[in-house]
Each structure stands twice: as C-alpha cells, then as structure tokens.
Amino acid sequence: MAEGLPPQYDPGTVERKWYAFWEEHQFFHADPASGKPPYSIVIPPPNITGILHLGHVLNNTIQDVLIRFKRMQGYETLWMPGTDHAGIATHVVVERMLAERGIDREEIGRERFVEEVWRWREQYGGTIIRQLKELGCSCDWKRERFTMDEGLSRSVLTVFIALFEKKMIYRGNRIIHWCPRCNTALSNEESVPRDEQGSLWRIRYPLADGTGGISIATTRPETMLGDVAVAVHPEDERHAHLVGKRVSLPLTDRSVPIIADAELVDQAFGTGVVKVTPAHDFNDFILGNKHDLPQIVIMDEDGTMNEAAGPAYRGLDRFECRRRVVKDLEDLGLLEGIEGHVHAVRHCQRCDSVLEPRLSRQWFLKTRPLARRLLRALEEDRIPGITPEHWEKTYRHWLENIEDWCLSRQLWWGHRIPVWYCASCGSAHAGIEAPGQCGRCGHGVLHQDEDVLDTWFSSALWPFSTMGWPERTAELRTFYPTSTLVTGHDILFFWVVRMMMMGYEFMDDRPFDDVYLTSLVRDIKGRKLSKSLGNSPDPLEVMDTYGADALRYAMMLIAPHGQDLLYSNEQVEVGRNFANKMWNAARLVLMHQKPPESGLPVSENLWDRWILSRLDRTVEQATRSLEQYAFHETALLLYDFFWHDFCDWYLEAIKQRLYDETDAASADHARRTALLVLEQTLRLFHPFMPFITEEIWQQLRPCLDDRDAEPAGIVVAPWPESRPARVRADAEEDIRYVQELIGAIRGVRADFRVHPTQEMAVHCRVADPRLIEVLSGQARAVQSLARCTLAFVDGDEARPAGCASGVLRDMEFYIPLSGLIDLEIETVRLSRERTRVEQELEKVRKRLSNGQFVQKAPADVVEKEKDKQNNYEDMIGRLNRNLEMICAG
C-alpha cells in the first residue's frame, strides 16, 4: 500500500499542496467561542521593507512549533500575524526610490510623499508575509494586521491622548540622539554604539585674567564653540583653586566660568578638566541644568555649523569644522597634544550615519512610574517568565535605570502626533480629530504637530491593539494576555519592556506570560551574517534546494539553549537527509500494510514491546521538553528515536518477520506495531516538519483502524499521550543487551576488516540463565543484524587460538578469525597502522608540549589537538588489543 508515496521525496510539490489544503480548511483560524483553553502568540511584526532572513526563520519556526504543538494538544490557538510600518526604514527606502526617478520629497510635499509610501506598501509590503507562508507558518491570516491600518491607528491615538491627559507625555527641550542624514531624533535604543579609533585632543584655555591657563581633553573639538563653562573636581588639588575664575574660550570672543562638580567630573580622565557644552553632550546637559548654565546650539539639523559657531565656521560640515578648529588651535599655539583614543561612537541604526547629541524640542513619555509597576510584577509574581533566565538581569537593569522615552520623529511616514496648536495663544490640544477652536482662547485656526511617533510606540500596543482595543472584543476576552512571546534578545528593551508597560497601563494586566528570547544566527566560523562577507544565504534559495522542512528542522537542531547558532548549508543537508530517511521508512512500513482490522491481540514480541516502550518515553520527554521551550533538545530526542531506535534497530529487526510467511501472526504484529509507531512519531515531528509529516500521514490514513474518526489532517490530530502501561523497563534492558552484543560483533568485523558478506561464528560464555534465554530468543535477530551465527559454550571450555574476543557485562564472547582473514597479513597491517598512529601521536604531543603554541594558538585549535591526542591514544590501545588477540593464536 505504498503506491501513494513516490520513490523520491519532492519538497516543492508537497509544500504547495498542503499549505493550500490547510488554508482551505481554515485550520489556522481561531474561534474565540470554541470553549477550548486558549493559547495565543503575537508575531513580532516584520517591517514592510523586510525580506526573509535566517533570523526570521529561527524566530518564526519556534513560534510555529509552539502553535502547532498547542493546537494538537487541544488548545484554541491564535497566532496573530501582521507587519510594521517601520517609520524610518520605509521613509528612507521610498525617498531613495523617488530620488532614482528624479523626484525630491521636499518638492512634492508631505501629502503626496505619504501617498507614494502607501503605493509602495501595496506593491511590496506583503513580500515577507508570502515568504512566511512558504516557511510553513500557521498564522491566522484572516486576522492579519498592519500598524497603520485604521483600527491600530485609532488605538495609537487613543493611547497617546490618554497619556497626554494624564501628563505622562510632555514636550520639552532635552538632549537627544540626532541623525543628520535622516533628520530625525532617535531613542537611545536606535543609536548603536561602536568602538572606533579616534583622537583625544588636549587644548589650552587661557585664563581671562592673563595669569595662566588650563588644559582640557576632548574627542569632539568642534563642540568647544558651544562651551559655556569649564568644570573641575572640587577635591582636585591641581585645579580647585581656579574655581570662580573665568577662561577665554579660544576661537570665540567669549569668556566662560570655571565651576566645581564632584559628581560629573572624573579626575582620572584626561586632564581632569571638563569642557561643558550643554546643547551637545548628555552629561553636560545634566551638569548645565544643575548649575543653571545657558545652552548654545551651534549645529543645524543637517550637521552643519550655524551662526552661533561664529562666522569663521558657519556653514561648514561638522567634520570639516573639526579639522578647521584643530588647525586654528594649532596656529594659535593652543593645541597641546593629540593622542590615539578608542571610544564608543553612536551610529544611526538605519542609515549608519554618526549621530550627534543635540538639544532639541521633542515629545517624551515619563517611563519611571511605568517601570516601577513592571519591577513589582517581576519581583512579586515572576512576570514575565524569561527564557533563557540570564536575560532577566538585563531586563531588571534596564527597568531600574530607565530614561524618559523620546517619542517624536521628524518624519512624514508614521502616526502623526495628534496635537494641535492654537495660532493665537499657542496652547496645545490633543484629540483624534482637529478641534474646531482653541479651548483656551476660542481662536479658530489651529495647526497639527508636524512630527510622527516613534515606530515602537505603535508596536508597544501590538498584543492588545491587534485584538480590537479599545473595544472589548471577543478576541481580547479570550486571548489576552497572550501566552508566549518569541523575539530576539536585541529588542528586549525596544519592544518587550514597552509592551509590558502599555499592557499594564491600558489592560491592567501583562501582555504575555512568558518571553522566549532567541539568539543570533552566525556562520560556522562564529561571524555575524552579512552580505559583505558573503556568508548570509537567502532562505528562499535554501528552501528551494533542500525544502522548508529541512531548513526548519536544521535550525532547531543547531539552536542550543541560550547560545548563538552556527549556521551552514551543510547542516540543512542533515535536515534533508532526515526527511529522506523518514520518507523511505514510511515507504517500507506502508509496503507491508493490509486493510485495517480490529481485535489484533497485544504483541508479546520483545522488539515490539521495546519499541512501544521507547515510543512512550519519547512522547513523555518530548512533551516535557517543548513545555520548557527546549527546542534543540526535543529535535535531538526525536532524531535519535526515529533514526536509531525505529529505523536502525526496529525496522531492521522486523524485516525477517515481515517476510516470514510461516508466522502470519508475528508478521501482523510487526506491521501493525510499525504503523502505530510511525503514525505517532509523525505527530511528534509535525510541529518541526509540517509538510512531509502531513503528506505521509495522509497516506497512512487508509491503514488506520478507525480512519473515519481521524481528523482531516495531522495538523489538527491530537498530540500523542504518554501511556505509562506501555513502558517496559525489562524489555528495554533486554534489547539494550542484544544491541551491545551486535555492536561489539560489528566492531570486530570493522577492526579486522572482515568482508560484510562473510558470516562469523560467535561463541558466547554466559553465566546468567535468564540472559541465555534472552539471547537464545534473539538469535535470529543477532544473526540477521550482525551476519553471524550464535552459539553458547560452557564455562570451562577453552577458547580456541586466533580469536577476537570481548567482554560485555556478564558475558564473554569470542570469534575465530581463521578462515575469515589471513592472520599473517592482518598482523602486518595492524603493526603498520600502529606505527603510523604512534608517529601522529608523537607529533601532537610535541605541539601540546610547546608552551608558546598552547599560549598563542586559538583555544579551539588547542582543543582540537587535545582531541587528536585522545583519539590516537584510543586507537593505539585498540590496535594493541587486536594484535594481542591474533598473536595469542
């Protein structure tokens, strides 16, 4: 009955067929009124500018494994899909596209630019959704959302207005990270620090009274044009006596005071003197407010110097200004020295431009009151549960050291801030619609704020806005709080913390119970994947070559808990080979099936009892591992059970029974047991490899005892349940002994290069009568699997000469080699091999005894040499034993 499975597995055909089948039957669609226990996940919404990469593959495969697992366990599962409008990223992409057509966004204006973005989104924004379907993601696509769709936009405006009215949102002048390329403010999390080799310039500031001077050190000399003070530590004996005096600010016509500050001045850094530029440095901004200092902005939004920098520098790019300032200081004799200095330089996450700390009027959210509630939830209720656990410390640290969130962005694409300003009195009014008149003075002309909200503001509402909030929908009542969030650890603060804040603030509850943080995907050498290195394969091409199931399963096999993944296409070949193994095993099992029959008695065959016991243990362990988010461990567990227990041992052991026409009952037990184990194992594998398991399972359906009661697809079949009554520790122990004997016999054949077709005579000396009974009962299996005959000898019978021998627990066995090999030739071969291995071992020992090699070589190289040493020592031991056996003859 294997007619339905062709000889070769074709992933492409199978994947297209079954995904269409699942969608047609609406298996992914959640019903809030079903009465089943709910399980829900919200997808981390990919940017509409995005295309599938291996990070997406890892993250979404894990989510799909959880959703399919819980769906099979009988939960009403909702996997909420959608995409993010990605403010800056999309803005940059569309602006670049328009520029290629010769269109400047400033010329066409805001309204038309936004129309162009919407047009672009309609054309390209759904690409990654189609790619996620190719991966097999079982999202509820009928509920797909977009962060700028009408419902979510209403949620965003409602939240902003509520926070504004509670005075949690305010507008103020503060230092922010500014991108001169994107012309927008960025949050701390959107500014990426990168250690770079720079310089530390030592500059002399003359005292205004002409009695000397003071030296400062800076990495940004151009900002000295905005200095308003010089600060020293009050306990620094070198400079404390200068407090209260003034210095003449070089290159300007101003003088600035020397002030003292014990908190923000580090005596050990540089000269121990700090230039204070409140409008262009975060620490200086704090120090300036503390000492009531003026704030001078010397740089425009595009990174060029303005009139406050002075006529000699006005209009210069900031880096050109730096070079000019350094030269001018040198000409004046005020540049005391330059030294190399590695320091962190922040870059724009989107365009990679060097960011500029800049005083700017922006919208901010007060976050500390929100963070305090999250800390209480963590300490009192352990919410959320974070896996891996070590990320909890990072989560806590961010909450304890949180700063107000800069919400505004100087872009045109995004949720425009719902605040209108009166043209007469300037008062601000927040509302979903523009007010008819000013609430303070009654003036009828108001204009809306030009800025848009940070993209992460709408993303922070994702768990409840996607379910219809602020309406109290059936989805919210059933599926909120969600069950598990799967996301990258790099956005733990960007997204996870902010969702927690908004969930408690507006739903009075957590947005999710658990957070599973994925690791980074690197290449096999541990390098970050990037196009420039040529080590970032296109997942679509990988799936075209190997199949989606192969890629999904490979990602789970190489994803150890809490560690980065080391990826290569060769590892996906492991997934493909496993899929082929599953396919061929299914063909073998199906080949021997007959129409289903009922009333078959329980098999007492040792191999049948063993495989059913192993199946039950695997079901119990796999279920427990998935509940604990141990995806890597579960994938390995299932791999070992199916490939080794089921295919290598059970199917090989029952082949004689399947073809034995003299014992129909035994053959029936073998084929029905194989069918049961295969069918249950397919269910265990389905969350990891959904396509191939559906294809094979559909071919099994006609063979099942109660096929009419079976579900329409394995996608909704019940998850296997553990049946402790099937666990037979005695059967597992007996088969383990048989396997050890077969393995030892195969080892002798390999060590002495006995041809695979030559039958060996194995003589066993066993003291335990029960063990003799077990081995006697399995003589046919041993003979078939090890290509040998099995005989038992008395304890006092002498061992013949020229035998290979071994000891297994309570048994000794020996195999006469005469007639199987030429003993003299084999002795020469083993001696030569021993000499070769000893020479290789000596080379390795010399390298490891070289102190310079051990100290200077990379750790992994040294470790490989140690592994070589161990392997060579084991080989020599084995060769010596084999020579002793032959020579004893």
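The values are calculated or read from the model by the stated rules, or taken from the named source; none is laboratory data. No experiment lies behind these values; they were computed from the predicted model shown. Because the Cβ atoms are built from the backbone with ideal geometry, glycine has one as well, and the counts that use them run over all protein chains shown. SASA here: full protein model, heavy atoms, side chains in, ligands and nucleic acids out. Shrake-Rupley method; radii C 1.70, N 1.55, O 1.52, S 1.80 Å.
Starting from residues that are β-branched (Val, Ile, Thr) and in contact with a helix residue (DSSP H, G or I) (Cβ under 7 Å, 6 or more places away or on another chain), keep the ones in the stretch 382-416 and report whichever is nearest to Tyr516 (Cα to Cα). Working first, answer last.
Residues of the stretch 382-416 that are β-branched (Val, Ile, Thr), as a first pass: 383, 386-387, 394, 402.
Now narrow it down to the ones that are in contact with a helix residue (DSSP H, G or I) (Cβ under 7 Å, 6 or more places away or on another chain): 383, 386, 394, 402.
Details: Ile383: 13, Ile386: 6, Thr394: 14, Ile402: 22 Å.
Step by step, filter the stretch 382-416, then rank; the result is Ile386.
Number of residues in the stretch 272-284 that are part of a loop (DSSP other than H, G, I, E, B) and open to solvent by 10 Å² or more (accessible area, probe 1.4 Å) equals 1. The condition (being open to solvent by less than 70 Å² (accessible area, probe 1.4 Å), more than 20 Å from Ala750 (Cα to Cα) and of a type outside the set (A, V, I, L, M)) is satisfied by just one residue among Gln869, Gln855: Gln869.
Inspect the stretch 801-822 for any residue being part of a loop (DSSP other than H, G, I, E, B), under 54 Å from the mean Cα position of the chain (by Cα), surrounded by fewer than 16 Cβ atoms within 10 Å (Cβ to Cβ) and not assigned by TED's automatic domain parsing to the domain that holds Ala653 and give the result as yes or no. Yes, that holds for at least one residue. For the stretch 7-23, the condition of being open to solvent by less than 40 Å² (accessible area, probe 1.4 Å), touching a Lys or Arg at 6+ places or on another chain (Cβ under 8 Å), assigned to a loop (DSSP other than H, G, I, E, B) and not hydroxyl-bearing (Ser, Thr, Tyr) holds for none of the residues.
Scanning the stretch 421-448 for residues that are outside any strand (DSSP E or B) and touching a residue at least 40 places away in the same chain (Cβ under 8 Å) yields Gly431, Ile432. Kindly check whether there is at least one residue in the stretch 142-151 that is of a type in the set (Lys, Arg), at pLDDT 95 or above and either open to solvent by less than 10 Å² (accessible area, probe 1.4 Å) or part of a strand (DSSP E or B) (or both). Taking every residue of the stretch 142-151 in turn, at least one turns out to be of a type in the set (Lys, Arg), at pLDDT 95 or above and either open to solvent by less than 10 Å² (accessible area, probe 1.4 Å) or part of a strand (DSSP E or B) (or both).
Look at Ala371 and say whether it is in contact with an Asp or Glu (Cβ under 8 Å, 6 or more places away or on another chain), among the small types (Gly, Ala, Ser), closer than 30 Å to Met507 by Cβ and not assigned by TED's automatic domain parsing to the domain that holds Arg498. Judged against the criteria, Ala371 is a match. Helices (runs of 4 or more DSSP H) fully within the stretch 504-609 that include at least 3 residues being in contact with an Asp or Glu (Cβ under 6 Å, 6 or more places away or on another chain), at pLDDT 90 or above and open to solvent by 30 Å² or more (accessible area, probe 1.4 Å): none found. Of all the listed residues (Thr77, Thr61), the sole one being closer than 22 Å to Trp697 by Cβ, in contact with a Lys or Arg (Cβ under 9 Å, 6 or more places away or on another chain) and either among the basic types (Lys, Arg) or assigned to a strand (DSSP E or B) (or both) is Thr77. Selection within the stretch 206-223: residues that are in contact (Cβ under 8 Å) with a residue 60 or more places away in the chain and crowded, with 22+ Cβ neighbours inside 10 Å. The member of this set that is nearest to Leu316 (Cα to Cα) is Glu222. Of all residue pairs spaced 6 or more apart or on separate chains, those with beta-carbon atoms under 7 Å, a first member in the stretch 856-869 that is closer than 18 Å to Glu842 by Cβ and without any contact (Cβ under 8 Å) to a residue 60 or more places away in the chain and a second member that is in a helix (DSSP H, G or I) and open to solvent by 80 Å² or more (accessible area, probe 1.4 Å) are Glu865/Arg847; Gln869/Arg845.
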